[in-house]
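J.: The structure is given below, and queries will be raised subsequently.
The values are calculated or read from the model by the stated rules, or taken from the named source; none is laboratory data. Note that the structure is predicted; figures quoted are calculated from it, not measured. Note that each Cβ is placed from the backbone with ideal geometry, even for glycine, and that neighbours are counted across all protein chains shown. For the accessible areas, the whole protein counts, side chains as well, though only heavy atoms, and no ligand, DNA or RNA atoms are used. Shrake-Rupley method; radii C 1.70, N 1.55, O 1.52, S 1.80 Å.
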Amino acid sequence: MLKSIPKNYQPSPDLLQGKTILVTGAGDGIGATAARTYAAHGATVILLGRTVKKLESVYDQIVNADHPEPAIYPIDLEGAKDSDYYDLADNIEKEFSCLDGLLHNAARLDSLMPLEQYDLKIWARLMQVNLTAPFLITHACLPLLKKSDDASVIFTSSGVAHHGRAYWGAYGVTKAGCDNLMQILADEVENHTSIRSNSIDPGAVRTRMRRLAYPAEDASLLPTPEDIMPAYLYVMGSDSKDFTGEIFSVK
Ligand SMILES: NC(=O)c1ccc[n+]([C@@H]2O[C@H](COP(=O)([O-])OP(=O)(O)OC[C@H]3O[C@@H](n4cnc5c(N)ncnc54)[C@H](OP(=O)(O)O)[C@@H]3O)[C@@H](O)[C@H]2O)c1
């Protein structure tokens with residue numbers, strides 16, 4: 001069952017003051033907007049992504065707005081070695097000592113195609129970027145999340161995660177897998193850590209990925225990443241501290 005955020009939710013301006021939050025896929029789309037929004041609410045954001053120019057642009061926007069200076073962590077989730085994820089955690093520990101938030105946002109869609117013609121390289125790539133990488137980042141960062149007195153881990157779900165849909169192949173499977181991973185984490189850490197683990201299904205949002213899936217639709221009718229930020233703030237901040245193991249819908 002999908003959960004909604006409170007109607008007309010108004011986050012406090014300092015909701016994330018003093019928190020360190022890692023955002024994956026922070027250079028574009030929903031991830032870039034979430035990074036800027038978390039910084040605007042007081043967080044120091046670690047901008048993880050594969051295109052340095054895009055990460056630098058988000059960095060500049062945050063600094064120019066006088067929000068806490070972010071950090072940039074370039075990594076290609078497709079080609080990264082297992083050890084790169086533990087290096088990431090080591091670097092975060094050296095710089096920040098703990099982690100209060102983790103938004104698993106980076107993902108690929110590639111092509112929609114029927115199973116019978118499914119491209120095996122695309123299958124493997126989507127498994128790596130959309131599912132194995134969030135697992136490895138979570139695995140590497142768990143000791144840092146445990147050090148926080150209120151940590152929120154957010155996985156990114158999708159409408160095609162809740163029920164399999166023709167042609168969505170590996171993308172749908174990885175999104176369903178992320179929801180399952182989110183619930184496993186929630187179940188394992190509940191009662192003996194202050195870590196919450198939830199998913200957000202952002203719905204249809206005006207980004208490059210949506211354009212790839214629906215090139216013919218009128219994108220001007222879709223919500224923008226900014227429109228859906230109340231949900232991203234609610235689930236990241238302490239206003240949602242009583243919830244874990246839930247899939248939040250933005251609608
Ligand atoms: N938009 C929608 O309607 C919609 C609906 C349901 C779920 N979602 C989910 O929402 C999340 C954000 O999607 P979006 O719509 O904002 O898509 P987007 O604009 O395409 O952004 C995807 C982000 O992931 C990064 N990324 C992709 N492959 C990567 C890799 N190998 N290593 C590191 N980073 C990588 C991209 O980096 P580059 O820019 O450098 O490629 C980009 O920053 C995804 O999890 C998506 O599945 C979106």
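J.: Of the residues that sit in segment 89-98 and are touching a helix residue (DSSP H, G or I) at 6+ places or on another chain (Cβ under 9 Å), assigned to a helix (DSSP H, G or I) and not charged (D, E, K, R), which one is farthest from the ligand (Cβ to nearest atom)? Outline the logic, then answer.
T.: Taking segment 89-98 and keeping what is touching a helix residue (DSSP H, G or I) at 6+ places or on another chain (Cβ under 9 Å), we get 89-90, 92-93, 96-98.
If we keep only those that are assigned to a helix (DSSP H, G or I) as well, we get 89-90, 92-93, 96.
Now narrow it down to the ones that are not charged (D, E, K, R): 89, 92, 96.
On the way: A89: 17, I92: 16, F96: 20 Å.
So the residue we want is F96.
J.: If you scan segment 112-146, which residues turn out to be open to solvent by 60 Å² or more (accessible area, probe 1.4 Å) and of a type outside the set (A, V, I, L, M)?
T.: If the condition is that a residue be open to solvent by 60 Å² or more (accessible area, probe 1.4 Å) and of a type outside the set (A, V, I, L, M), then E116, Q117, D119, K121, W123, R125, F135, H139, P143, K146 are the ones that fit.
J.: Can you tell me which residue is most open to solvent (accessible area, probe 1.4 Å) among those in segment 149-185 that are more than 16 Å from the ligand (Cβ to nearest atom) and either on the phi > 0 side of the Ramachandran plot or in contact (Cβ under 8 Å) with a residue 60 or more places away in the chain (or both)? I'd like the intermediate steps shown before the answer.
T.: Initial filter on segment 149-185 (more than 16 Å from the ligand (Cβ to nearest atom)): 149-152, 166, 183-185.
If we keep only those that are either on the phi > 0 side of the Ramachandran plot or in contact (Cβ under 8 Å) with a residue 60 or more places away in the chain (or both) too, we end up with 150, 152, 183.
Numbers: D150: 26, S152: 0, Q183: 81 Å².
Of everything passing the filter in segment 149-185, Q183 is most open to solvent (accessible area, probe 1.4 Å).
J.: Got at least one residue in segment 99-120 being within 13 Å of the ligand (Cβ to nearest atom), hydroxyl-bearing (S, T, Y) and free of Cβ contacts under 8 Å to residues at least 60 places away in the same chain?
T.: Within segment 99-120, not a single residue is within 13 Å of the ligand (Cβ to nearest atom), hydroxyl-bearing (S, T, Y) and free of Cβ contacts under 8 Å to residues at least 60 places away in the same chain.
J.: Also: Counting only residues that are within 16 Å of the ligand (Cβ to nearest atom) and more than 17 Å from N105 (Cβ to Cβ), which one in segment 6-54 is least open to solvent (accessible area, probe 1.4 Å)?
T.: Looking at the filtered set, the residue picked out is V52.
J.: Could I ask something else about it? Hey, any hits in segment 215-222 for a residue that's under 24 Å from L115 (Cα atoms) and open to solvent by 40 Å² or more (accessible area, probe 1.4 Å)? Please lay out each step first, then the result.
T.: Within segment 215-222, the first condition is being under 24 Å from L115 (Cα atoms), and the residues that meet it are 215-216.
When the remaining residues are screened for being open to solvent by 40 Å² or more (accessible area, probe 1.4 Å), the result is 215-216.
Yes, segment 215-222 contains a residue that is under 24 Å from L115 (Cα atoms) and open to solvent by 40 Å² or more (accessible area, probe 1.4 Å).
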